[in-house]
Amino acid sequence: MQPPPKSKGGKMLSLVNWRLKVTINDGRALTGQMLAFDRHMNLVLADCEEFRKVRPKKKAGEEAAPEQEVKRTLGLVILRGETVVSLSVEGPPPIVDEDKKNALPVGPGRGMPAGRGTGMMPPMGPPSLQRPPMPFAPPGMPGPPPGFARPPGFPPGMPFPPPGFGGPPPPG
C-alpha cells in the first residue's frame with residue numbers, strides 16, 4: 001500500500017485518518033486509525049488492536065514450540081511518543097459515505113436547551129391574529145392592584161400588560 005503524497009504540513013499530517021501499524025519498544029505492534037499526533041510523536045489511534053508474540057512454556061524433554069501471535073482489541077489508544085520505534089502504513093482512510101457525513105451521531109436522546117420548558121413570549125403573530133387581553137386574571141394570580149393605571153408614556157394602542165408579561169413577578 002502506497003502512502004499518500006507528501007502534503008505541505010509534512011509526512012505525519014498526510015497520514016491522519018490512515019490505518020497504521022506502530023511498533024513500540026517492548027516488541028508489541030499496534031494497528032489502528034491515526035486520529036492525531038504531536039511534536040513528541042504521541043499518537044491517538046482509533047479502533048486499535050494489539051499484536052504480541054508469545055513463546056509457550058517449555059517443558060523438560062520437549063522441543064521449543066513456535067512463537068504464537070496474540071491479538072487483543074483495545075479501542076481508542078493514546079500512545080506516548082517515547083515508546084514508538086516504527087510506523088508503517090497498513091491501509092487508506094475509511095471511505096466516508098456522503099449521506100452519513102451530515103447525519104447526526106447516534107446518542108441516547110435528543111439534545112435540548114435547559115430551561116423551564118416554556119418560551120419567553122407566547123406566539124402572537126400579526127396584530128389581526130393577536131389575542132385580546134384577558135378580561136380577568138388567571139386562577140391563582142391576582143389582577144392589578146386597585147387604582148393601578150397605565151404607566152405614563154405607555155402607548156395607547158398596546159394592550160396592558162404587554163404580551164408575554166402576564167402580571168407582577170412572583171413574591172420572594
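Values as computed for the structure displayed
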| read-out | value |
| --- | --- |
| Debye, to nearest 20: dipole size of segment 21-85, +1 on Lys, Arg Cβ, -1 on Asp, Glu Cβ | 200 |
| Residue-level accessible surface for D26, protein heavy atoms, 1.4 Å, Å² | 90 |
| Rounded if a/c under 1.5, otherwise prolate or oblate - segment 1-90, Cα gyration tensor axes | prolate |
| Label-reachable residues, segment 26-59, where backbone N falls under 18 Å from a point 7 Å from E69's Cα toward its Cβ | 26-33, 48-56 |
| Positive-end residue of T23, Q68, M41, charge dipole of segment 21-78 with Cβ unit charges | Q68 |
| Magnitude of the charge dipole, segment 13-55, Cβ model with Lys/Arg +1 and Asp/Glu -1, debye to 20 | 240 |
| Fully extended contour minus Cα-Cα distance, from E49 to E62, at 0.36 nm per residue | 1.5 nm |
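The values are calculated or read from the model by the stated rules, or taken from the named source; none is laboratory data. All of these numbers come straight from a predicted model, not from anything done at the bench. All Cβ positions, glycine included, derive from the backbone under ideal geometry; neighbour counts span all protein chains shown. To get the accessible areas, we keep the full protein, side chains included, count just its heavy atoms, and leave off ligands, DNA and RNA. Shrake-Rupley method; radii C 1.70, N 1.55, O 1.52, S 1.80 Å.
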